[in-house]
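See structure below.
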Amino acid sequence: MQKLPWLSRFSLYLAPMAGVSDVVFRTLCREEGADVTETEFVSAEGVLQAWERTKRYVQLSGKDRPVGVQLFGAHPEHMAQAARLIADAVQPDFLDINFGCPVPKVVGKNGGSSLLKNLPLLGEIARAVVSELGEDCPVTAKMRLGWDAQSICAPEACQRLEDAGVRAIAIHGRTRSQQYGGTADWDAIHDCASRIAIPIIGNGDIRSPQDVQRERDAGVVAGVMIGRAAMQSPWIFRRARQLLSTGQLPPEPDAAERVHFMLRHVRLTIEQGLYGDETGAMRTMRARLLAYAKGIPGSKALRPELARVSSMAQLEALAEQMLGR
Ligand SMILES: Cc1cc2nc3c(=O)[nH]c(=O)nc-3n(C[C@H](O)[C@H](O)[C@H](O)COP(=O)(O)O)c2cc1C
């Protein structure tokens, strides 16, 4: 089976994150050196029953490629139909199946990580999507280690996914019951990677370029996927790539560069109109502004105002204060 083209080198993936990995952020992260991006998850049922409402989540820019669209669901046939609709409508570089989401809304409908409790169905879903898409679009998967510590099933799940024709698997090194607690178990990720032939992308708690280098040097996974660290520091991809290729770690961006990045992110989000008008965009961006501000010296006192900001003009005034003007 031919390798996915971006896996010809150790790949840096932007993680799919609901409410975060939108088309603007994916494009910015590509500019900052991410090799691959992914949309947040969309529900197969939503795609099939309410495409007009759902399609904005799978809008691709062209500048965010290679990009995967992530899909979740519990019915093989519906997953295959939704995958076909997406592949025809937006031509993603790959279609990723979510077997890791822990949130009750998804698990309650037997999607996401609940499929780790039913591996025959997990395999059936993957097989149905792979067979529907054929040569048109490669299929990948993202999963956790298992439902809980007593039911670790990642090695068996990986084998079933490989047998179904899945081309790569991202493993978040936690169980569903851990949610985001504890630390990701990279030994367990390595164990899976050493047992199967298809590439494994490691995920969980990559916080610095040095963490990326640790995994590249270990030589077990084909790449790493970065989520929360990229929300605060999207330049982690560029700094990590430079560390991997030259052995030199570039400095963190200074306060002015961070502020300008933040402002550009917000302006592009407003322009894109993904979240309605300027007020809607500002409301959606508040959590993101707080994440950016964490890295800006002296910005602590401005956090309450950032948490309430409702216009670009207000944000620009706060930015002036962050820059000490
Ligand atoms: C706000 C947020 C939203 C997320 N949404 C998704 C999602 O839509 N699909 C998915 O597979 N994982 C989702 N995740 C999980 C991340 O992709 C990733 O597996 C997890 O954050 C661990 O990686 P990290 O330690 O680098 O953050 C989400 C995580 C966060 C923090």
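The values are calculated or read from the model by the stated rules, or taken from the named source; none is laboratory data. In this text the structure is predicted, and so the values were computed from the model without any measurement. A quick note on method: Cβ atoms are made from the backbone with ideal geometry, for glycine too, and the neighbour counts reach across all protein chains shown.
Summary table below
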quantity: Selection from segment 7-54 of residues that are part of a loop (DSSP other than H, G, I, E, B) and more than 14 Å from the ligand (Cβ to nearest atom); calculated: Arg9, Phe10, Glu32, Gly33, Asp35, Ala50
quantity: Which numbered condition Leu263 misses (of (1) within 24 Å of the chain's Cα centre (by Cα); (2) among the aliphatic types (A, V, I, L, M); (3) more than 23 Å from Lys63 (Cα to Cα)); calculated: (3)
quantity: Selection from segment 120-152 of residues that are small (Gly, Ala, Ser) and assigned to a helix (DSSP H, G or I); calculated: Gly123, Ala126, Ala128, Ser131, Ala149, Ser151
quantity: Set Pro92, Pro104: member being in contact with a Lys or Arg (Cβ under 9 Å, 6 or more places away or on another chain) and in the same structural domain as Leu48 (by TED's automatic domain parsing); calculated: Pro92
quantity: Residue within segment 108-117 that is surrounded by fewer than 19 Cβ atoms within 10 Å (Cβ to Cβ), closer than 22 Å to Cys158 by Cβ and either at pLDDT 95 or above or away from the ligand (no atom under 13 Å from the Cβ) (or both) present; calculated: yes
quantity: Members of segment 289-325 that are of a type in the set (A, V, I, L, M) and touching a residue at least 60 places away in the same chain (Cβ under 8 Å); calculated: Ala291, Ala319, Met322, Leu323
quantity: Any hit, segment 94-106, residues being of a type in the set (A, V, I, L, M, F, W, C), under 29 Å from Ile152 (Cα atoms) and assigned to a helix (DSSP H, G or I); calculated: yes
